[in-house]
Each structure stands twice: as C-alpha cells, then as structure tokens.
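Have a look at the structure below, then the notes.
Nothing in this text is a laboratory measurement; each read-out follows from the coordinates by a stated rule. Just so it is clear, the structure is predicted and the values come from calculations on it, not from any experiment. Neighbour counts are summed over all protein chains in view; Cβ atoms, including those assigned to glycine, are modelled from backbone coordinates with ideal geometry.
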Amino acid sequence: MDIKQPSDLLPEYMKPYYTDDTAILSEWFDKMSQYPYAFDDTEKGNFELFYATMTAQTTRILKAPYGNYYITSLGITPYTATGHCFFWDKKIVNRHKDLYLASLYGITQYKLARIEVFIPTENKAAAFLMKRAGYNYEGTMLNRDLYGGKLKDLYIYAFYGTP
C-alpha cells in the first residue's frame, strides 16, 4: 500500500469528523449512556461535559457507520493522547482492524508517541479488543474511577508510535 497521507490509512467508510451540532452530539450521548462503562460517575448524565470534550481543540473524531473512534487530551501531555472508541452496532466483525488503522492514523497524523486507553477491569470485551488491535497492556490502576457509585480498577493499554 502506498501511503502518501495519514488519511490513506483509513478505510473508505471511516473519515475524520468534526461537529458542534448539539442534536448529533446529543444522539451520540444518548446511545453511549445505555452502556455501563461508557461514562464514569463524573461524566454520567452530564451532556454539557460530553459536549465540551467532543468540541474541544484537543479532541479528534473518526466517524464510522457503526460507531466512533476519538482521541482526547491531544497535546496536553506532549506526544500523548487518550483513546476512546464506542460502537452502537455490536455485530461488526473485525473491529480490531479498524481500531488498529484508526490508532495508526492518530499516531501518524498527530505525531504521537502513544495513545492510552483506560478500561474498567470488568469490561473484558474491550480489553480483548485492545489486544487484538495491537495495544499493549501496561498495568492496572487500583480504585481509579467511580462507576455506579463503586470505585473500579482500570486496565491501562497503549498503542505506540514515534513522534
């Protein structure tokens, strides 16, 4: 594959995306709110915080027909961003390949050394997806975030590049 631009890494159906449209972001927020680990307790039910995060200059979104990949905190810590992905269509096969390409795009486009992902330890499916997409397990943070009023441990996964 001849790669001239970072966007050449992406499948045809996945494109960089920006919106500050309240209706679109509200729809995403409502879909994500149906899942237990989409938001920790500080974020749960807080559309204003979600809106601020998604429209911040430090956030970049890749939109696919079945969900979104996005990175936040871009540039706050040099060469590092926090990765997120959310799929409302759970039947997609080979999501790990799209996650790998989205991560490679993020590393290349924004000249990152790493994309970090934090996953509640109960979310085994997400941890499995990270491994299949080429993310490396780095450890577990104990008692890190509140979900449903209980402190949860979080796995740390990272995807590496070179700035």
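With respect to the cross-link table entries K124/K152; K63/K152; K63/K131; K97/K150, which display a Cα-Cα separation exceeding 25 Å?
Details: K124/K152 13 Å; K63/K152 29 Å; K63/K131 22 Å; K97/K150 33 Å.
Long pairs (Cα-Cα over 25 Å): K63/K152; K97/K150.
Between beta-carbons, use under 13 Å as the cut-off and find the net charge around A133, counting Lys and Arg +1, Asp and Glu -1. Show your work: numbers first, answer last.
Working: positive: R95, K97, K131, R132; negative: D98.
Value of the local net charge: +3.
With a sphere of radius 12 Å drawn around the Cβ of I24, what net charge do the other residues whose Cβ falls strictly inside it have (Lys, Arg +1; Asp, Glu -1)?
Values: positive: K31, K63; negative: D20, D21, E27, D30.
My count for the surroundings of I24 gives -2.
Of A102, Y66, Y137, which is farthest on the positive side of the dipole of the chain, counting Cα position, with +1 on Lys and Arg Cβ, -1 on Asp and Glu Cβ, and the Cα centre as origin?
Value: Y137.
Efficiency by 1/(1 + (r/R0)^6): what FRET value for L151 and F47, r their Cβ-Cβ distance, R0 = 41 Å, to the nearest 0.05? Don't skip to the end; give the middle numbers.
Numbers: r = 24 Å, r/R0 = 0.59.
For R0 = 41 Å, the calculated efficiency reads 0.95.
Quick one: net charge around Y37, please, counting Lys, Arg +1 and Asp, Glu -1 for every other residue with C-beta under 10 Å from its C-beta. Working shown, then result.
Numbers: positive: K152; negative: D40, E122, D145.
Here the count lands on -2.
Note down the magnitude of the dipole of the chain about its Cα centre, charges +1 on Lys and Arg C-beta and -1 on Asp and Glu C-beta and zero elsewhere, to the nearest 20 debye. Mind showing how you got there, number by number?
On the way: 18 positive and 18 negative charges, 106 e Å.
Taking the Cα centre of the chain as origin, the dipole is about 500 debye.
Let me have the 222 nm mean residue ellipticity of the chain computed from DSSP H runs of 4+ only, each contributing -39500 (n - 2.57), with the sum over all residues rounded to the nearest 500. List each step's numbers first, then the result.
Values: 4 runs with 44 residues, N = 163.
Estimated from H runs of four or more residues: -8000 deg cm²/dmol.
According to the square roots a ≥ b ≥ c of the eigenvalues of the Cα gyration tensor, what is the shape class of region 6-160, taking rounded for a/c under 1.5, prolate for a/b larger than b/c otherwise, and oblate for the remainder? Please report the intermediate quantities before stating the final value.
On the way: a/c = 1.32, a/b = 1.10, b/c = 1.21.
Rounded.
What spacing in nm lies between the two simple spin-label points modelled at A113 and L142, each 7 Å away from Cα in the Cβ direction?
The two pseudo-label positions are separated by 2.8 nm.
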